[in-house]
Amino acid sequence: MNKKPKKYSVFSLIKNAFSYHENWQPAWDSPEPKKEYEAIIIGGGGHGLTTAYYLAKNHNIKNIAVIEKGWIGGGNTGRNTTIIRSNYLWDQSAALYEHALKLWEGMSQELNYNVMFSQRGVMNVAHTLHDVRELKRRWHANRLNDIDCEWLNTQQVKKFCPVINTSQNIRYPVLGATLQRRAGTARHDAVAWGYARGANAMGVDIIQNCEVTNINIKEGNVTGIETTKGLIKSKKIGVVAAGHSSVIANMVGIRLPLESRPLQALVSEPVKPIIDTVVMSNTIHAYVSQSDKGELVIGAGTDGYTSYTQRGGFNIVEDTITAVVELFPLFSRMKMLRHWGGIVDICPDASPIVSKTHINGLYFNCGWGTGGFKATPGSGWVFAHTIANDEPHALNAPFNINRFSSGELVDEHGAAAVAH
Amino acid sequence: MFLINCPHCGERDQSEFNCGGEAHIVRPKNPLNLTDDQWADYLFMRKNIKGIQFERWNHSNGCRRWFNVVRNTATDEILKIYNIGEKAPQIEGNNPKTPSGEPIIGSGNYSTSFEKKQ
Ligand SMILES: Cc1cc2nc3c(=O)[nH]c(=O)nc-3n(C[C@H](O)[C@H](O)[C@H](O)COP(=O)(O)OP(=O)(O)OC[C@H]3O[C@@H](n4cnc5c(N)ncnc54)[C@H](O)[C@@H]3O)c2cc1C
Ligand SMILES: [Zn+2]
């Protein structure tokens, strides 16, 4: 059985300093899988771990395994640029992402784990008349949904973020921006680790290095999974495998509208604090923030083809850097330190699928594509509800797989600004 | 990040091309009789395979002609290029050993990652 984790505090820090930090209790156990669980979550990313956490916490289902083929948080959770915001255009998305943002605001306290959530504001910059109209429309939509949002003109943008180039003589001049002050960034690894520790403390088994290779079905009901560590039985299975969702859906003949593509990010050498907010631009596709270590964190675009290779084309990086340098000429001589890709599951309407399926006991949570990190706690919350009650939560009901037949798409493509 | 051998122009950088997605999706013969589910399947649902995938490409910054490609999406290795209208060739290729498996050395490194079939 799981040992109760010792609370982290300044006293535990001092105590452990005396033994050179060599005796910290592991944050979660690494058991062998049991023969059967009440619920199994496939995929140990942020969304899978929060699903297990809220199943245990809100629905009192504690006999759960999270099955991860690599290491927890090693998928898109640990590869993203951590932009968190809730200023989406449509009511359905605004409600879903705002619910998540509220959970972010209390997360470190709730988990007793510092996820370094920093509400430094996110600015979405407009460069054309069309951008201005779109962003103002979204600003008003946000106000109607009670989501904080402001419009800044060019001078106000310059005042809020002095390093930005507001010259009107560049190809895509800054004409204004929306600002959500409650938006910001967080430490991605800590989110995975904090929820893993919290879930484990309530009895959830976290099983790493274990790939799910098949899903067993009998008379329309799931009965369990086959894995590289053997057969595990369960009557409730939640699939939260991001870029690999289609691979798992194909095992049981479920058709999903997803395409998996590489999405890249890169970080620079660390420098002193220079940019204390997040700047995003849809039109020229640049977005940048600065980590607490001082690195500029820069996100690029997706490649134009499906691939599972976790690395993208250099031409994509080049496009992004070109845009970043025009917006921030003073970054032009900075060196880039690291660069990587993740495989994102892109949905035709740029909205997620959090849904039951035609197979009893099998649930899918996917399609978050390039922008699901911000939803991590909220996604787990509503997915846990869906699995526990075999019915969607009000917040994820619109994100049913059937919307592709009914035509009730939640089209956030252009609307959500840069899709992160 | 790979080269594509255009049947008309020869080997060029992938950035000259546009991917048109899954190949061999046939437009419904009787559109008026289709159910909503069948429409959804035709319009939106995709195999999105990890491994050997058949897809359409267009040399958009070159000769602007379309052709079909067989590509291993786990490694980006291109196995065959054939004309639009031709039947999909039978190709096994080096599929990942397990459905979600990753290459042994790095990702996208097809020359070293999968055991070559004899
Ligand atoms: C470069 C980049 C930048 C991004 N920037 C942002 C951003 O700024 N803001 C934002 O909100 N979002 C962003 N995103 C998107 C965000 O990262 C994802 O939407 C989110 O992290 C998805 O979380 P997840 O838990 O669903 O997926 P993941 O963290 O990918 O977890 C899925 C897990 O499933 C596992 N798995 C797959 N197949 C199997 C199997 N067969 N058996 C067992 N386990 C399996 C994988 O190993 C993986 O760990 C970005 C993504 C990328 C790649
Ligand atoms: Zn050509």
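The values are calculated or read from the model by the stated rules, or taken from the named source; none is laboratory data. Small disclaimer: the values here were computed from a predicted structure and weren't measured. Cβ coordinates were reconstructed from backbone atoms using ideal geometry, including for glycine residues, and neighbour counts include every protein chain displayed. Accessible surface is based on the protein model in full, side chains and every heavy atom, while ligands, DNA and RNA are left aside. Shrake-Rupley method; radii C 1.70, N 1.55, O 1.52, S 1.80 Å.
Taking B:28, B:89, B:99 in turn, the Gaussian network model of chain B (Cα-Cα springs below 10 Å) assigns the largest fluctuation to B:28.
What the Cβ-Cβ distance of residue B:60 and residue B:34 gives, at R0 = 30 Å and to the nearest 0.05, is a FRET efficiency of 0.45.
Quantify how strongly other chains surround peptide A:342-355 by giving the mean number of their Cβ atoms within 10 Å of each of its Cβ atoms.
Numbers: counts 0, 3, 0, 1, 1, 1, 4, 1, 0, 0, 0, 0, 0, 0.
Neighbouring Cβ atoms belonging to other protein chains average 1 per residue here.
Using only protein heavy atoms and a 1.4 angstrom probe, determine the accessible area buried between B and A, summed over both sides, in Å² to the nearest 100. Display every interim value, and only then the final one.
Values: alone 8290 and 18640 Å², together 24140 Å².
Separately minus together, B and A give about 2800 Å² buried.
Among the residues of region B:40-83, those with an accessible-area drop of 50 Å² or more from chain alone to full protein complex, heavy atoms and 1.4 Å probe, are B:44, B:45, B:46, B:48, B:50. Taking 0.36 nm per residue of separation and subtracting the current Cα-Cα distance, fully stretching the chain between residue A:171 and residue A:229 would add 15.3 nm. Computed from the C-beta positions of residue A:23 and residue B:98 and an R0 of 35 Å, the FRET efficiency is 0.40 to the nearest 0.05. Full extension of the segment from residue A:411 to residue A:146, taken as 0.36 nm per residue of separation minus the current Cα-Cα distance, would add 93.4 nm. Relative to the dominant Cα principal axis of chain A, helix A:46-59 is inclined by about 60°.
Relative to the present Cα-Cα distance, how much length would full extension add between residue A:105 and residue A:62 at 0.36 nm per residue of separation?
Numbers: separation 43, 0.36 × 43 = 15.48 nm, distance 2.53 nm.
Net length gain for the segment: 13.0 nm.
Which residues make up the longest stretch of chain A that has no GluC sites (Glu not before Pro) in a DSSP loop with at most 11 other Cβ atoms within 10 Å?
Values: sites that count: A:22, A:219.
No qualifying site falls inside A:220-420, the longest such stretch.
Given R₀ = 25 Å, what would the calculated FRET efficiency be for residue A:271 paired with residue A:189, taking r from the Cβ atoms and rounding to 0.05? Each step should come with its number before you reach the end.
Values: r = 22 Å, r/R0 = 0.88.
Efficiency at R0 = 25 Å is approximately 0.70.
Report the paramagnetic label zone for residue A:119: residues of region A:273-298 whose backbone N is under 17 Å from a point 7 Å from Cα along the Cα-to-Cβ axis. The answer is A:277-278, whose backbone nitrogens lie closer than 17 Å to the label point. Within the straight-line cut-off of under 16 Å between alpha carbons, the lysines reachable from residue A:218 are A:233, A:235, A:236, sequence neighbours fewer than 8 places apart in one chain being disregarded.
Mind ranking B:45, A:334, A:116 by accessible surface for me, highest first, 1.4 Å probe? Before the final figure, lay out each step's value.
Working: B:45 15, A:334 40, A:116 75 Å².
The ordering from most to least exposed comes out as A:116, A:334, B:45.
Here's the picture: a label point sits 7 Å out from the Cα of residue A:358 along the beta-carbon direction, and within region A:245-269 the residues with their amide nitrogen under 19 Å of it are A:246-258.
When every Cα-Cα distance of region A:53-116 is counted in 5 angstrom steps from zero, the calculated P(r) takes the values 4, 12, 13, 20, 27, 17, 6, 1 percent. Taken as Cα centroids, region A:96-146 and region B:1-72 sit 36 Å apart, rounded to the nearest whole angstrom. Between the DSSP loop rule and a limit of at most 13 other Cβ atoms within 10 Å, which trypsin sites (Lys or Arg not before Pro) in region A:25-82 are left? In loop regions of region A:25-82 (DSSP not H, G, I, E or B), the sparsely surrounded trypsin sites (Lys or Arg not before Pro) are A:34, A:35. Volume per residue of the convex hull around the Cα atoms, evaluated for region A:241-372, comes out as 121 Å³.
Beta bridges from DSSP with both residues in chain A: antiparallel share about 70 percent, rounded to the nearest 5.
Here the label points at residue A:314 and residue B:11, each 7 Å from Cα along the C-beta direction, are separated by 1.6 nm in the simple model. Hey, what angle do you get for helix A:129-144 against the long axis of chain A, alpha-carbon based, 0 to 90 degrees rounded to 10? Between helix and principal axis, roughly 50 degrees.
Each residue of region B:22-30 was assigned a 3J(HN,Hα) from its phi angle through the Karplus expression (A = 6.51, B = -1.76, C = 1.60, θ = phi - 60°), giving 3, 8, 6, 8, 8, 5, x, 6, 10 Hz with x at Gly and Pro. Sorting A:103, A:330, A:256, A:175 by solvent-accessible area of protein heavy atoms yields A:330, A:175, A:103, A:256, largest first, with a 1.4 Å probe.
Taking a ≥ b ≥ c as the square roots of the eigenvalues of the Cα gyration tensor, region A:243-318 is prolate, since a/c reaches 1.5 or more and a/b is larger than b/c. Taking a cut-off of 13 Å between Cα atoms, list the aspartates and glutamates near residue A:35, but don't count ones fewer than 8 places away on the same chain. Excluding near neighbours in sequence, the set is A:205, A:226.
At 1.4 Å probe size, put B:25, A:346, A:14 in order of accessible surface, largest to smallest.
A:14, B:25, A:346
Highest mobility in the GNM of chain A, judged by mean-square fluctuation with C-alpha springs under 10 Å and restricted to A:80, A:250, A:153, is found for A:250. Rounded, prolate or oblate: pick one for region B:5-105, where a ≥ b ≥ c are the square roots of the eigenvalues of its C-alpha gyration tensor, a/c under 1.5 means rounded, and failing that, prolate if a/b is larger than b/c, else oblate. Oblate, since a/c reaches 1.5 and b/c is not below a/b. Note on region A:364-411 and region A:216-273: Cα centroid distance 15 Å, given to the nearest whole angstrom.
Could you tell me which of rounded, prolate or oblate describes the protein assembly as shown, using a ≥ b ≥ c as the square roots of the eigenvalues of the alpha-carbon gyration tensor, with rounded for a/c under 1.5 and, failing that, prolate when a/b is larger than b/c and oblate otherwise?
On the way: a/c = 1.38, a/b = 1.02, b/c = 1.36.
Rounded.
Centroid-to-centroid, using Cα positions, region A:1-50 and region A:291-356 are 31 Å apart.
Once you keep just the Cα pairs under 8 angstrom separated by 6 or more residues, what percentage relative contact order results for chain A?
Values: 964 pairs, mean separation 93.9, N = 420.
It comes to 22 percent, rounded to a whole number.
Can you pull out the trypsin sites (Lys or Arg not before Pro) in region B:1-92 whose DSSP state is coil and whose Cβ has at most 10 other Cβ atoms within 10 Å?
B:29, B:64, B:87
The string of couplings for region A:370-377 from the Karplus curve (6.51, -1.76, 1.60, θ = phi - 60°) is 8, x, x, 4, 4, 8, 2, x Hz, one whole number per residue in order, with x for Gly and Pro.
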